[in-house]
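Here the structure comes first, spelled out in structure tokens, and everything after it is commentary.
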Amino acid sequence: MAEPPLPPDTAYHGDPRHYDRSRALPPAVRAAIVAALAAALPPTGWVLDVGAGSGRFALPLAAQGYRVLALDASAEMLRHLQAKRPPGQTVPFPLLADAQAMPLAGEACAAALSVHTLHLVPDLPRAVANLRRVLPPHGLMALGYIAHHPRDPVGWVLQAWREALARHGYDLDRPMWRDMPAVEAALARAFGTPRTVVAARWQQPIAASQALQAVAQRMFTPYWGLPDPKHQAIVAELTAAARRVFPDLATPQPDRRRFVWRFYRRPLTAAR
Ligand SMILES: C[S@@+](CC[C@H](N)C(=O)[O-])C[C@H]1O[C@@H](n2cnc3c(N)ncnc32)[C@H](O)[C@@H]1O
């Protein structure tokens, strides 16, 4: 099995402003995502955002009056989150920490959320055990993610990338490359079956060439971690395959997306 070296850590050390530009959501979509979460949150107590990043969800939650603990392993992202706080607004409490070793007492939080982070964490079962520990019985753990339509540019590229890695002999069950079903399976083992809410559906025009460029530039975490020559070879394979699937690589076409919340509850019984 080909084994790429792991980067020293999985925290985001790029420019947070670039992160914000490349991950921006339409305002109405972000509002719908936050509203769906808020409908499930308890009215009081700390809400822990694991991998809060630059505050895509922690900031609007704090603006609604929730007491938010923004846990992240990146000091740069947490600094940026704080700098973005509108004047006078309650700021999420920044917590520079690793999701695998949360410096929090048992049952310290009323609820937790995590968006696009748990697939990164090296020891996923340990992070999940931490999440379970810091929540009270019946406490909410919300896993959120964007699901891309598999026939549209971003979803197609994501799937083709994974298939290419497997073809080249890489083990996909590792930090950054594990997919949402793997994260969901780990959470289901600790928390049981979730309730699913599709909070938003939207489209964004994007050309297949742009989706391929995002891979080439390693813009998103699934594209980190591969040595450069191998990365370039796989990008070339994907580009050739995309030419067969998308007749015109350069013309933007609608890319269909959904934002999915999986709402887990900490069981009332003791951990096994
Ligand atoms: C893709 S970003 C998601 C940020 C935010 N949840 C959002 O949706 O915009 C992943 C975040 O997880 C953080 N992260 C990565 N590994 C982590 C770890 N082991 N413990 C805590 N945070 C981690 C990164 O620093 C980054 O800010």
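No value in this document is a laboratory result; all are computed from the given coordinates. Since we're looking at a predicted model, the values are computed, not measured. Quick reminder, even Gly has a Cβ in these numbers, built from the backbone with ideal geometry, and neighbours come from all protein chains shown.
In the stretch 182-226, the qualifying residues are those that are under 18 Å from the mean Cα position of the chain (by Cα) and loosely packed, with under 14 Cβ neighbours inside 10 Å, and the one that is farthest from Leu158 (Cα to Cα) is Thr196.
A search for C-beta distances below 6 Å between a residue of the stretch 48-59 that is closer than 20 Å to Val128 by Cα and any residue that is more than 6 Å from the ligand (Cβ to nearest atom) and in a helix (DSSP H, G or I), counting only pairs 6+ apart in sequence or on different chains, returns Asp49/Ala58; Ala52/Ala58.
Does Arg258 satisfy being farther than 27 Å from Asp171 by Cα, buried (at least 17 other Cβ atoms within 10 Å of the Cβ) and of a type outside the set (Gly, Ala, Ser)? No. Filter the stretch 27-46 for residues that are under 27 Å from Trp202 (Cα atoms) and crowded, with 16+ Cβ neighbours inside 10 Å and give the result. Selection gives Val29, Arg30, Ala32, Ile33, Val34, Ala36, Leu37, Leu41. May I ask you to verify whether Pro136 is within 28 Å of Gly225 (Cβ to Cβ) and in contact (Cβ under 8 Å) with a residue 60 or more places away in the chain? Taking the combined requirement at face value, the residue does not satisfy it. Residues in the stretch 37-49 that are touching a Gly at 6+ places or on another chain (Cβ under 9 Å) and within 17 Å of Val197 (Cβ to Cβ) were compared, and the one that is farthest from the ligand (Cβ to nearest atom) is Pro42.
When you look at Gln203, is it assigned to a strand (DSSP E or B), in contact (Cβ under 8 Å) with a residue 12 or more places away in the chain and polar (S, T, N, Q), yes or no? Walk me through it before giving the result.
Values: assigned to a strand (DSSP E or B): yes; in contact (Cβ under 8 Å) with a residue 12 or more places away in the chain: yes; polar (S, T, N, Q): yes.
So Gln203 fits the description; yes.
Within the stretch 162-181, take every residue that is acidic (Asp, Glu) and without any contact (Cβ under 8 Å) to a residue 40 or more places away in the chain and give me the one that is surrounded by the fewest Cβ atoms within 10 Å (Cβ to Cβ). Among them, the one singled out is Asp173.
Count of the stretch 81-112 residues, restricted to those that are within 18 Å of the chain's Cα centre (by Cα) and part of a helix (DSSP H, G or I), is 1. Scanning the stretch 55-80 for residues that are surrounded by 20 or more Cβ atoms within 10 Å (Cβ to Cβ), more than 10 Å from the ligand (Cβ to nearest atom) and assigned to a loop (DSSP other than H, G, I, E, B) yields a single hit, Tyr66. Condition check: more than 9 Å from the ligand (Cβ to nearest atom), of a type in the set (A, V, I, L, M) and closer than 22 Å to Val29 by Cβ. Does Ala52 satisfy that? In short, no.
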